[in-house]
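Just so it is clear, none of the values below were taken in a lab; they were calculated from the coordinates. Please read all numbers here as calculations on a predicted model, not as lab measurements. Don't worry about glycine lacking a Cβ; one is built from the backbone with ideal geometry, like all the others, and counts go over all protein chains shown.
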Amino acid sequence: MAIGVLLLSLGSSHRRAQLGGRAVRLWSWITRRALGIHVTVEGTPPPRGSFVVSNHVSHFDVLVLTSLYPTSLVGKKEIIKWPLLGQLAWLIGTVFVDRGDRNKTSLVAEQMRGYLDSGATVTLFPEGTCGDGKHVLPFKRSLFAVPADLNIPTWPVAIRYPDPAAAWDDDTPLALHMFRLLCHTKQKAVVEFGEPIAKGLRRKPLSFEAHARVDGLLKKARD
């Protein structure tokens, strides 16, 4: 599937992002069902060409979200070193962030801007790492300049898992975390899409508002 996307989009990373988002939605839906992950959706998924921000809890987050709507992702550069998954992520147009080199932030923003301009949806996990699934960590603000400059709405999303074992911390090896998740059959996830944040906010206020919206969705679930 990934190779087909690459061949159909030679010479155009923007086209690869659009085709890749659609292909991965199908692949993710099939894989999620095969793994027995049940997803409950609340609210309406974002339309094509949206900028989406979500909290980050588990390695299943990407699989869950990409099974619900076609999107390109923004992920850390280390992902590309993961066997198979890294190559797949590159082929479908993932935007890779080098967290150790802030000078490349402008290149990441430029790629995101190109995707959004071409009508592809971009999903960002602005916490930069996985949280505990109960609280939202502070958002990294730099990439919020993209939707602010393009003057487009931002769609908040909250993802949560009833099973606390789904949460992952950076001290737990990837392979061990995935093994623990797969040992829990019929894993459940709840995804709530909030109302879009109206365009017009600048980078910093937009990041604060997005954080408040995502945190509010999680708090509503706890209450």
Q: Mind giving me the nanometre distance, one decimal, between the label points for GLU42 and LYS188, set 7 Å out from Cα along Cα→Cβ?
A: 1.3
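Please give the contour-minus-distance gain from ASP149 to ASP132: 0.36 nm per residue of separation, less the Cα-Cα distance, rounded to one decimal in nm.
Working: separation 17, 0.36 × 17 = 6.12 nm, distance 3.16 nm.
Length gained, ASP149 through ASP132: 3.0 nm.
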(Q) Please rank HIS135, HIS211, fewest neighbouring Cβ atoms within 10 Å first, as an exposure proxy. (A) HIS135, HIS211
Q.
I want to make sure I understand the PRE zone here: with the label point 7 angstrom from the Cα of ARG202 toward its beta carbon, which residues in segment 119-154 have backbone N atoms less than 20 Å away?
A. 139-154
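Give, in nm to one decimal, the length gained when the segment between LEU26 and ARG113 is fully stretched (0.36 nm per residue of separation minus the Cα-Cα distance).
Numbers: separation 87, 0.36 × 87 = 31.32 nm, distance 2.48 nm.
Between LEU26 and ARG113, full extension yields an extra 28.8 nm.
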Q | Eligible lysines near LYS199 by straight Cα distance, threshold 20 Å, same-chain separation 8 or greater | A | LYS140
